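One structure is given here, and the rest of the page talks about it.
The values are calculated or read from the model by the stated rules, or taken from the named source; none is laboratory data. This is a predicted model, so every value here is computed, not measured. A quick note on method: Cβ atoms are made from the backbone with ideal geometry, for glycine too, and the neighbour counts reach across all protein chains shown. SASA here: full protein model, heavy atoms, side chains in, ligands and nucleic acids out. Shrake-Rupley method; radii C 1.70, N 1.55, O 1.52, S 1.80 Å.
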Amino acid sequence: MNVLASADQPTLEDFGHDVWWIVLIKIVGVFVVLVVMTLFAIVFERKVVSRMQQRIGPNRVGPRGYLQSLADGLKLAFKEDIMPALADKPVYFLAPVIAAVPAFLAFSVIPMGPSVSIFGQVTPLQLTDAPIGVLVVLACSAMGVYGIVLAGWASGSTYPLLGGLRSAAQMVSYEIAMGLSIVAVFLYAGSMSTSEIVAAQAEGNEVSFFGWEFTGPSWFAVLLPVSFVIYAIAVVGETNRAPFDLPEAESELVGGFHTEYSSLKFALFFLAEYINMVTVSALAATLFLGGWRAPWPLSIWDGANSGWWPMLWFFGKVVVALFVFIWLRGTLPRLRYDQFMRFGWKVLVPTALVWILAVATMRTVSREADLSTGQVALFVGVPIALLVLGGLAVASRAANRDTRLMAEEATAGAVHAVDPEPEVLAPAGPRRRPAQRTGPSRAEGGFPVPPMDLLVPPSPRLRRGEPVGAVARSEGGVVSTGRRGSTRTGLSDAPSTTSTEDGDV
């Protein structure tokens, strides 16, 4: 008897037959699980990062600070909701919803356990499944980016727009790598159903290596290590997490696509980000880590893969994946945008394509030539691996040729081993604004000045009927400060020509 096998393993035929109240319980259960995992992930991240940085994390709200994320959520609910004056109101309201809803839908096809009895009804611990269940998760993750793009566009501001555009390019780049990484899983499992992929990892693989037969590992993370590594890297970029958090880079874009959001709208973006982390972690556990099945040596126990125990193993794997997300954030600095895009298109995508070709070749040769696994690995896998490593070595040497030549020149005593630093300011040009109002121009050594004709909404604390409207402008680019009867200029102390009705300037 194989201790890894389970009689409670659900199949596609087990779905679609539940009564309505079982379906309702599953829907509410998935929603509660995702919300609780979000609250846990926030506190877990702050605790782990504080430990990595040798400082005190949240320790005030609740026992040992474990209720800090719940307090933050309640605080966001009562914060003031501010909308920019130039925002597209319908799209501005819908964008957070569009980002959050697909994050919840993607978890509907994730298997969390075997078939169990709920109030006398035997049902799988999974909301639903389909022959293309993995594609449902990919489609939902692709739809979520629309909320981010629309949020950046509808805010009516420059930095959110740049963050939204970055998110669109990031999704296109790393969605391709993530999709290619799981093609090898489909080839080995013979299905795109999440429940059947878990079933394909139930039993160990019988490996024959030149007459020596033994039972090999069943997890696809061990059988397909290249796919697992590419998937792990791609989902970090897909979820906009550090070091790939370019759409919300605070050092460049203030806050990115959600700069102009506050209160519950900002909370929805926050919720969508962490739910996406939980979803891709759960998908990694399903595709590569055996799903809800217990790892060895827990699998030796006969009851490890039956009843409600598999939910513990499943969420244990999810928490480990979340720890890797947090570990990356506390360890690696943010990449430059060009480095990020170059890595996605020139490293991940070509590597995934070559790996798919290698896996398909090995599977075809093993089936058609009737060779053992060891023979296929020796006669097919090793030559392909040598060719790939040789190609990568040649490409790396060609890419680093300029750096290598400069290093040789520096060793030989060259004075200028590196290129000269570019000038910070642009070359001298015609003056575009009067010097007495805006300070020295760029031609005279001054710094670039941003446009000073921004549209600022009035302060909500002003009484009705105040003389200062939404914006007060003048020739020098005067912007209202929101205070009664006062304005300010960009870089000049010259008095403004705009005055109020009572003569105050």
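For Val365, tell me the accessible area in Å² from a 1.4 Å probe, rounded to the nearest 10. That residue has around 40 Å² of solvent-accessible surface.
Each label point was placed 7 Å from the Cα along the Cα-to-Cβ direction; for Gln53 and Ala71 their separation is 1.8 nm. In this calculation the C-beta distance from Ala168 to Gln339 is compared with R0 = 22 Å, giving a FRET efficiency of 0.75.
Rolling a 1.4 Å probe across the protein heavy atoms gives the stretch 184-341 an accessible surface of 41 Å² per residue. Sites listed here are trypsin sites (Lys or Arg not before Pro) in the stretch 48-80 whose DSSP assignment is loop and whose Cβ has at most 10 other Cβ atoms within 10 Å: Arg55, Arg60. In the stretch 194-337, Cα pairs under 8 Å separated by at least six residues give a relative contact order of 27 percent. Modelled label positions at Asp370 and Asp402, each set 7 Å beyond Cα in the direction of Cβ, lie 5.7 nm from each other. What is the list of residues in the stretch 17-46 whose amide nitrogen lies under 18 Å from a point 7 angstrom out from the Cα of Arg64, following Cα to Cβ? Taking a point 7 Å out along Cα→Cβ of Arg64, the residues of the stretch 17-46 whose backbone N falls under 18 Å are 37, 39-46.
Solvent-accessible surface of the stretch 64-146, averaged per residue with a 1.4 angstrom probe and all protein chains in place: 49 square angstrom. A full extension of the chain between Val36 and Phe93 corresponds to an added length of 18.0 nm, given 0.36 nm per residue minus the alpha carbon distance. Phi angles of the stretch 94-108 translate, via the Karplus equation with coefficients 6.51, -1.76, 1.60 and θ = phi - 60°, into HN-Hα couplings of 7, 4, x, 5, 5, 6, 8, 5, x, 5, 6, 5, 5, 7, 5 Hz per residue; Gly and Pro are given as x. Computed with a 1.4 Å probe on the full set of protein chains, the accessible area for Val33 sits at about 40 Å².
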